[in-house]
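Structure first, then comments.
The values are calculated or read from the model by the stated rules, or taken from the named source; none is laboratory data. Predicted, not measured: the structure shown is a model, and the values here were computed from it. As a convention, Cβ positions derive from the backbone with ideal geometry for all residues, glycine included, and neighbour counts pool all protein chains shown.
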Amino acid sequence: MILRLSKAIIKHKDQSATGTYHFGIFKYRHYETSSCRVSVQYKTVSYRCSLRKERPAEGEQNLNTIIEAMKQRRSIRKFKPDMPSRKDIEAVAEAGIYAANGRGKQETITLVVTDKALRDRISRVNCSIGGWDSSFDPFYGAPVILIVLANKNHTTHLYDGSLVMGNMMLAAHSLGLGSIWIHRAREEFEMPEYRQLLKDLGIEGEWEGIAHCALGYADGDIPKAAPRKEGRIRWIEAV
Ligand SMILES: Cc1cc2nc3c(=O)[nH]c(=O)nc-3n(C[C@H](O)[C@H](O)[C@H](O)COP(=O)(O)O)c2cc1C
């Protein structure tokens, strides 16, 4: 897709050269539901460029792609067996580790499981923890499982891990992939087998399983969001 733009807001890597610049016509990769990133070469200096629509006028439909993605992302409960590209999986995992985190300590780890044998083993354990019939796959056929672990000794570990999950699910949606938070990672990583898995990976310390992000291509339409409950946003304003 070619977009004709006359204006782009660009940020220099060191954040010191923020400004509005005028360009001619250029190409960039476009996803219907994501924000767009392009790298623009401008006078021998490389800029990371975030494309943003103008802020909508009061009452106008909000076309901000990140907010749109937040509203459109849904939990997927039926996946195709096709493996997403390594590049897309990496992009999702990387989006996770850019999440805000307590005191900037970055005390989470993400395990990217694409090995079918291990994926199926984790599925069986997860199923048994959940108490379901052994024929049920709690990962709904997703070929990839991203497991978020957080350092138990870090006071904000649950929040940090949850934000990693949030980022990854949004990133997945923006790349046209489906995802879902699957629970019971804490119970799994209390089991000797999975503690050993961490040791085998050279991961020392005390890590709590926060969640699994099952990832893959949705088999079917993206479900509609349930209506939001009333009264969940309360304003406190000066009168
Ligand atoms: C903490 C948490 C645990 C969840 N655990 C599971 C799970 O184990 N299995 C599942 O099918 N969905 C699970 N979900 C997905 C929720 O059911 C889903 O997010 C919720 O129904 C809202 O739907 P939406 O994500 O499409 O907006 C979990 C979500 C969260 C945030």
For residues in the stretch 107-128 being touching a residue at least 24 places away in the same chain (Cβ under 8 Å) and either of a type in the set (Gly, Ala, Ser) or part of a loop (DSSP other than H, G, I, E, B) (or both), which is surrounded by the fewest Cβ atoms within 10 Å (Cβ to Cβ)? Thr114
Output the number of the condition that Phe136 fails; it satisfies all remaining conditions of (1) farther than 21 Å from Arg184 by Cβ; (2) touching a Cys at 6+ places or on another chain (Cβ under 7 Å). (1)
What pairs can you find where one residue is in the stretch 177-189 and closer than 15 Å to Ala142 by Cα and touching a residue at least 24 places away in the same chain (Cβ under 8 Å), the other is near the ligand (Cβ under 6 Å from one of its atoms) and in a strand (DSSP E or B), and their Cβ atoms are less than 9 Å apart, with a gap of 6+ or different chains? Gly178/Ser75; Ser179/Ser75; Ile180/Ser75; Trp181/Ser75
Restricting the stretch 113-128 to residues that are of a type outside the set (D, E, K, R) and away from the ligand (no atom under 15 Å from the Cβ), the residue that is farthest from Trp181 (Cα to Cα): Ala117
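Restricting attention to the stretch 146-156, does a residue exist that is within 12 Å of the ligand (Cβ to nearest atom) and of a type outside the set (D, E, K, R)?
Restricting attention to the stretch 146-156, the residues satisfying the condition of being within 12 Å of the ligand (Cβ to nearest atom) are 148.
Filter again for of a type outside the set (D, E, K, R), leaving 148.
Yes, because at least one residue in the stretch 146-156 is within 12 Å of the ligand (Cβ to nearest atom) and of a type outside the set (D, E, K, R).
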Can you pull out the residues in the stretch 171-209 that are closer than 23 Å to Pro84 by Cα and within 16 Å of the ligand (Cβ to nearest atom)? Ala171, Ala172, His173, Ser174, Leu177, Gly178, Ser179, Ile180, Trp181, Ile182, His183, Ala185
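Considering each residue of the stretch 210-235, count those that are surrounded by 11 or more Cβ atoms within 10 Å (Cβ to Cβ) and within 12 Å of the ligand (Cβ to nearest atom), and give that number.
Step one: filter the stretch 210-235 for residues surrounded by 11 or more Cβ atoms within 10 Å (Cβ to Cβ), giving 210-220, 222-223.
Then drop every residue that is not within 12 Å of the ligand (Cβ to nearest atom), which leaves 210-214, 218, 222-223.
Number satisfying all stated conditions: 8.
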Just to check your reading of the model, which residue among Ala214, Ala238, Ala150 is closer than 23 Å to Asp137 by Cα and not aromatic (Phe, Trp, Tyr)? Ala214
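Give the residue, chosen from Arg77, Arg103, Arg86, that is at pLDDT 95 or above and within 16 Å of the ligand (Cβ to nearest atom).
Working: Arg103 fails: within 16 Å of the ligand (Cβ to nearest atom); Arg86 fails: within 16 Å of the ligand (Cβ to nearest atom).
Testing whether each residue is at pLDDT 95 or above and within 16 Å of the ligand (Cβ to nearest atom) leaves just Arg77.
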Please go through the stretch 129-145 and pick out each residue that is part of a loop (DSSP other than H, G, I, E, B) and within 14 Å of the ligand (Cβ to nearest atom). Gly131, Trp132, Phe136, Asp137, Pro138, Phe139, Tyr140, Gly141, Ala142
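Here is a yes/no grid of residues against (1) surrounded by 13 or more Cβ atoms within 10 Å (Cβ to Cβ); (2) β-branched (Val, Ile, Thr); (3) over 14 Å from the mean Cα position of the chain (by Cα); (4) outside the structural domain of Tyr194 (by TED's automatic domain parsing):
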{"site": "Phe79", "(1), (2), (3), (4)": "yes, no, yes, yes"}
{"site": "Val92", "(1), (2), (3), (4)": "yes, yes, no, no"}
{"site": "Ala99", "(1), (2), (3), (4)": "yes, no, no, no"}
{"site": "Arg103", "(1), (2), (3), (4)": "no, no, yes, no"}
{"site": "Gly130", "(1), (2), (3), (4)": "yes, no, yes, no"}
{"site": "Ser134", "(1), (2), (3), (4)": "no, no, yes, no"}
{"site": "Tyr140", "(1), (2), (3), (4)": "yes, no, yes, no"}
